[in-house]
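The values are calculated or read from the model by the stated rules, or taken from the named source; none is laboratory data. Keep in mind that what you see is a predicted model, and the values were worked out from it rather than measured. Here the Cβ is made from the backbone with ideal geometry for all residues, glycine too, and neighbour counts use every protein chain on show. With ligands, DNA and RNA removed, areas are computed over all heavy atoms of the protein, side chains included. Shrake-Rupley method; radii C 1.70, N 1.55, O 1.52, S 1.80 Å.
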Amino acid sequence: MTKPIRVLSIDGGGVRGLIPALVLAKLEKLTGRSIASLFDLIAGTSTGGILALGLAMPDKDGRPAHSAHHMAAIYEQEASRIFAPSASRWFRPLTKQKYGSEGLEGVLDQYFGTARLKDCLTSVLVPSFEIERYFPFFFKSGNARLDPAYDFALKDVARASSAAPTYFKPHRLPASSTGDYYALIDGGVFANNPAACALVEAIKRHPQADEFLVVSLGTGARVSSLPFSKASSWGLAQWAKPVLNVVLDSGSATVDYQLRQLLNAEQYFRFQPVLEASCAAMDNTHAGNLRRLRLTADALIREKRNELERIAEMLSA
C-alpha cells in the first residue's frame, strides 16, 4: 500500500495564527519530527502563509530554521511590532491603512533574511491576489525551482500574502525577468482557507496518487453575527470592515464543506475552534488576548487529542 500524499493547510487570521502554530507544535511533539518532514505540501494564506514559509525554511545547514514552537513564540514576541499603528492614520483614519508596513516588514526581514522560495524543505503554496492584472497569484516553491523568474525572497512572499486590505498597503513586488512588478494583496480575499487550492495542487503534482491526507488548520470561527436590524440600514462606511470578515469567514467555511464532501474522515481533518468576540480580532496584540488565544489552542488540542494522535500515527507511518 502506497503512502498518501500529505497536505497541510493553514488559514489566514492575523494574530490568531498563534492557534495553528500551537497545534502544529503539539504535532511535532507527538511525532518527534519537523512539520516540513511530515508533509509533502504546506499551503498557507496570510498569517498561515507566514507559518508555512517559516516551517519550510531551511537554516544554513539545510535543517528547518524554525520549529512550530518557535513560530508560536514569534507571534507572542512580535505581534505588537507587526500591528504598530501608522502615525498618519490618526489624522486621516478613513483614507489610510490601519497599520504602517515598517513593523511587519522588519519582522519578516529579521526571521526570513535572504531565504528564497526555491530552497523550501518541502513544497509550499501561498496565495496572493494581483490587483492591477486582477487575478489570483500563487507562489509555489515547485515553480521557483524550475524558473528563476518565480523564485522570490520568502520575506516578499509573506509580505504579499499578508497585505490585508484596510490593515496594510499592497506589496509592490519586482518581476526581475521583465523589469516590471506585481501589485499584490492578501490571498485571503479569495482563499482564506487554502485547503482546496492545496488539494488541487497536490493532485496536479502527483497525478498517479490515489490517496490524499489533508490536515486543515483554522484560526478560529466567530460566534458573533450581524443583526439584520443594524445591517439593513448600513451604507458603504458601515460595511467596510464587517464585509471583510464576512468574506474571510464564509470562504473558509465553504472550503471546509467542499472537502468534507470530497474526502472521507480518514482523509480530511479540520481543526477550527470557536472564538468568543473578545478574541476574534485579527490585530488584538494585548497580552491578555494572546493568553486567551493560547488557552483556546490548549482547549482545542485537548478536545481533538484522539484526532491529533491518529494524524501523528498516519504521518509517522
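Brief remarks follow.
- Were the residues from Ala253 through Ala299 laid out at 0.36 nm apart, the gain over their Cα-Cα distance would be 14.5 nm.
- Whole-Hz couplings from phi, Karplus 6.51/-1.76/1.60, listed for segment 62-68; x for Gly and Pro: x, 9, x, 6, 9, 7, 4
- Peptides 153-166, 263-276, 221-234 ordered by average Cβ neighbours within 10 Å, highest first: 153-166, 263-276, 221-234
- Alpha carbon centroid spacing (whole Å) that separates segment 198-277 from segment 130-157: 24
- Across the accessible surface of segment 8-73, with the other protein chains kept in place and a 1.4 Å probe, carbon and sulfur atoms take up 53 percent.
- At R0 = 35 Å, FRET efficiency that the Cβ-Cβ distance of Ser176 and Glu102 yields, to 0.05: 0.90
- Cβ-defined net charge surrounding Cys279, 11 Å radius [Lys, Arg +1; Asp, Glu -1]: +4
- With all pairs of separate Cα atoms included, the chain yields a Kirkwood hydrodynamic radius of 19.8 Å.
- The aspartates and glutamates whose alpha-carbon is closer than 14 Å to the alpha-carbon of Lys3, local same-chain residues fewer than 8 away aside, are Asp40, Asp210, Glu211, Glu266, Glu313.
- Sequence-separation-based contact order of the chain, relative, with Cα cut under 8 Å and 6+ spacing, percent: 24
- Reachable lysines from Lys140, criterion Cα separation under 16 angstrom, eight or more residues apart if same chain: Lys118, Lys155, Lys204
- The chain, accessible area per residue, ligands and nucleic acids excluded (1.4 Å, Å²): 47
- Computed from label points 7 Å out along Cα-Cβ, the spacing between Glu132 and Lys204 is 2.4 nm.
- FRET efficiency for Ala277 and Phe190, using Cβ-Cβ distance with R0 set to 30 Å, rounded to 0.05: 0.70
- Evaluating 6.51 cos²θ - 1.76 cosθ + 1.60 at θ = phi - 60° for every residue in segment 13-22, the Karplus couplings come out as x, x, 5, 5, x, 4, 5, x, 4, 6 Hz, glycine and proline recorded as x.
- For Leu263 and Lys29, a Förster radius of 25 Å and the Cβ-Cβ distance give a FRET efficiency of 0.45, rounded to the nearest 0.05.
- Relative contact order [Cα under 8 Å, 6+ residues apart], segment 65-197, whole percent: 21
- Taking packing as the residue-averaged number of other Cβ atoms within 10 angstrom, the listed peptides 280-286, 129-135 run from highest to lowest as 280-286, 129-135.
- Across segment 93-140, the relative contact order, built from alpha-carbon pairs under 8 Å that are at least six residues apart, equals 24 percent.
- Extension gain, Leu236 to Thr114: 0.36 nm times the residue separation minus the Cα-Cα distance gives 39.8 nm.
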